[in-house]
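Trainee: Attaching a single structure in structure tokens format; questions to follow.
The values are calculated or read from the model by the stated rules, or taken from the named source; none is laboratory data. None of the values given here were measured: they were computed from a predicted structure. Quick reminder, even Gly has a Cβ in these numbers, built from the backbone with ideal geometry, and neighbours come from all protein chains shown.
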Amino acid sequence: MTSIADQTVEELGGPSSVLVRMRREHGEQEALLQRLEATSGDAQDEVLTRLWRLVFTHAYAEETVVWPAIRAVSRDGDELTLHIEQGHQKLSELTAELERTRPGDPGRGELITELAAELRLDIREEEDILLPRLREGADDRRLRRLGRAWALVRSTAPTRPHVAVSRRPPGNLIAAAPLSVLDRSRDRLDRAARDRSGRVRSGAEAASWALARVAGAIERSRLVQVGERARTRPGRWTVHRWLTRNTPPTSDQSD
Ligand SMILES: [Fe+2]
Ligand SMILES: [Fe+2]
């Protein structure tokens, strides 16, 4: 099968096809990765927020709209989408870990390097192995319909990693609305914190972490874990860290 990276827009079903939309966003992710690797401090934090917002809304729309369609048209779709979901789980776990660090913290650079490598691997496996199966199994009309569904889901999806939420329906569908509201509020607070200093900055940071704890409580609900396959369950260390260490960075990490 031909990688979707090597096919024209027309061969992929036209500009509104889900395959064209996904490929375009992969390009945006790569551009942000390059900016991430070229910046530091608050500027790097800003790029990270933009990258997370793009990556996690993108992955959520893949898991709820595109992977079920691939499972319906491809005999090896279940195994292949599960493999990609494992990569998404690793990306979520790495990002959750990174979210608890500040610029200059030991180990932060290594986490960013690992995150970039994992994201680039995800893009290659999707474009070269998984998405050609959807091109073979669906006509242009279906690809455009999926493209519209994809865009709609992306615009309302959670923007942050939620490692304990199921990567498959129904758990991820149940979790979407409350986590999306919390994530998008946190994005605004974090941006406000970066733009200010002193008490306003620490107030915005504290409010963001309070919302993170609410998100952690939602993740602990069994309802949002329904549908999870054993291979994408978070590792014990992740559950322990993510569900019990949702606390603000300590003051000695603030500079
Ligand atoms: Fe992906
Ligand atoms: Fe993707």
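Trainee: Conditions: (1) over 25 Å from Arg102 (Cβ atoms); (2) at pLDDT 85 or above. Arg236 meets all but one. Number of the miss?
Mentor: (2)
Trainee: Determine whether Ala69 is closer than 21 Å to Gly137 by Cβ and within 12 Å of ligand 2 (Cβ to nearest atom).
Mentor: The answer is no for Ala69.
Trainee: Okay, next question. Just give me the residues in the range 150-165 being buried (at least 22 other Cβ atoms within 10 Å of the Cβ) and either more than 20 Å from Ala212 (Cβ to Cβ) or modelled with pLDDT of 95 or more (or both), in sequence order.
Mentor: Trp150, Ala157, Pro158
Trainee: Looking at Asp105 and the list (1) surrounded by fewer than 18 Cβ atoms within 10 Å (Cβ to Cβ); (2) free of Cβ contacts under 8 Å to residues at least 40 places away in the same chain; (3) more than 25 Å from Arg148 (Cα to Cα), which single condition is not satisfied?
Mentor: (2)
Trainee: On to the next question. Could you tell me which numbered condition Ser17 fails, if it satisfies all but one of (1) over 19 Å from Ile129 (Cβ atoms); (2) within 16 Å of ligand 2 (Cβ to nearest atom); (3) out of contact with any Pro (no Cβ under 7 Å at 6 or more places or on another chain)?
Mentor: Ser17 satisfies every listed condition except (1).
Trainee: Can you tell me which of (1) within 14 Å of ligand 1 (Cβ to nearest atom); (2) at pLDDT 95 or above; (3) of a type outside the set (D, E, K, R) is the one Gln34 doesn't meet?
Mentor: (1)
Trainee: Do we find that Gly227 is more than 30 Å from Gly41 (Cβ to Cβ) and assigned to a loop (DSSP other than H, G, I, E, B) in this structure?
Mentor: The answer is yes for Gly227.
Trainee: Just checking, how many residues over the range 109-149 are crowded, with 17+ Cβ neighbours inside 10 Å and touching a Ser or Thr at 6+ places or on another chain (Cβ under 9 Å)?
Mentor: 13
Trainee: Ok, one more. Can you tell me which of Thr64, Thr39, Thr49 is away from ligand 2 (no atom under 16 Å from the Cβ) and in contact (Cβ under 8 Å) with a residue 60 or more places away in the chain?
Mentor: On inspection, the qualifying residue turns out to be Thr49.
Trainee: Further question on the same structure: Scan the range 174-192 and give yes if some residue there is touching a residue at least 60 places away in the same chain (Cβ under 8 Å), away from ligand 1 (no atom under 16 Å from the Cβ) and over 23 Å from Gln89 (Cβ atoms), otherwise no.
Mentor: Yes, the conditions are met somewhere in the range 174-192.
Trainee: May I pose another question? Considering only the range 174-188, state which residues are surrounded by fewer than 19 Cβ atoms within 10 Å (Cβ to Cβ) and under 15 Å from Leu48 (Cβ atoms).
Mentor: Residue satisfying the conditions is Asp187 alone.
Trainee: Going residue by residue through the range 79-96, is there one that turns out to be within 16 Å of ligand 1 (Cβ to nearest atom), over 16 Å from the mean Cα position of the chain (by Cα), of a type in the set (A, V, I, L, M) and more than 22 Å from Arg184 (Cα to Cα)?
Mentor: Yes, the range 79-96 has at least one match.
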